[in-house]
Amino acid sequence: MSKLISGPAYVVEDNIDTDQIIPAQYLMLVPTVPAEYAKLGSYAMCGLPDSLYPTRFVEPGQIKTKYPILIGGKNMGCGSSREHAPIALGAAGCKVVIAETFARIFFRNCVATGEVFPYDSVDSLNKVIKTGDHVEVDFEKDQLTCQGKVFKLKPLGDVRPVVEAGGIFKYARKVGMIPV
């Protein structure tokens, strides 16, 4: 895995729930079917209200986002437990979600699916970074850089190799916990 992920950030407020990440009507899509996985990505973050988020995470008619980094505030991924939420983000091309705090089940689903790295921020980054700002996430230094300013991120620890492996089952096979 690259030690750096960079690109434009997509920034959301506090309390973004899983229905905003992927509305319930798209949960019938099966992520293990490649065409449906791609389609799932096209709906990522489509539950956000247009009035608050005029810039879409995935542009209409597209299946991929131009934002590899999603920055949220407090309680990111709250609401219903659904593995489809981090899967939709990953299918859209998002690589890392950074938030001040995460809903526990969303954080665990990010790790279990291996779709996106869930990074805890020390600061309220969604208050200082704007959608479209170019950011760089350094996994070795556990930091985010934006417009020359460096922000500390809490270390991923044991989460990193699990996400790098592609999720909990691939990691367990890789380290010999379950047979290949």
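Overview of values
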| quantity | calculated |
| --- | --- |
| Exclusive hit being within 23 Å of LEU144 (Cβ to Cβ), in a loop (DSSP other than H, G, I, E, B) and touching a helix residue (DSSP H, G or I) at 6+ places or on another chain (Cβ under 7 Å), set LEU48, LEU29, LEU70 | LEU48 |
| Extreme residue, nearest to TYR26 (Cα to Cα), among residues of the stretch 86-115 that are of a type in the set (Phe, Trp, Tyr) and assigned to a helix (DSSP H, G or I) | PHE106 |
| Close pairs (7 angstrom Cβ cut-off, 6 or more residues apart or separate chains): in contact (Cβ under 8 Å) with a residue 40 or more places away in the chain and at negative phi in the stretch 1-26, open to solvent by 40 Å² or more (accessible area, probe 1.4 Å) and of a type in the set (Phe, Trp, Tyr) anywhere | ILE22/TYR43; TYR26/TYR43 |
| Selected residue [of a type in the set (Ser, Thr, Tyr) and at pLDDT below 95] from THR32, THR18, THR55 | THR32 |
| Within the stretch 121-180, tally of residues that are under 17 Å from the mean Cα position of the chain (by Cα), open to solvent by 20 Å² or more (accessible area, probe 1.4 Å) and of a type in the set (Ser, Thr, Tyr) | 2 |
| Top-ranked residue of the stretch 1-23 - restricted to ones that are closer than 22 Å to ALA165 by Cα and in contact with a strand residue (DSSP E or B) (Cβ under 6 Å, 6 or more places away or on another chain), ranked as surrounded by the most Cβ atoms within 10 Å (Cβ to Cβ) | ILE5 |
| Of all residues making up the stretch 97-153, the number that are within 18 Å of LEU4 (Cβ to Cβ), among the charged types (D, E, K, R) and free of Cβ contacts under 8 Å to residues at least 60 places away in the same chain | 4 |
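This table checks each residue for (1) aromatic (Phe, Trp, Tyr); (2) surrounded by fewer than 24 Cβ atoms within 10 Å (Cβ to Cβ); (3) modelled with pLDDT of 95 or more.
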position	(1), (2), (3)
ILE63	no, yes, no
LEU70	no, no, yes
GLY79	no, yes, no
ARG82	no, yes, no
ALA88	no, no, yes
VAL111	no, yes, yes
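The values are calculated or read from the model by the stated rules, or taken from the named source; none is laboratory data. Just so we're clear, the structure is a prediction, and the values are computed from it rather than from any experiment. Heads up, the Cβs are rebuilt from the backbone with ideal geometry, glycines too, and the neighbour counts pull from every protein chain shown. Keep in mind that these areas ignore ligands, DNA and RNA; they rest on the heavy atoms of the full protein, side chains included. Shrake-Rupley method; radii C 1.70, N 1.55, O 1.52, S 1.80 Å.
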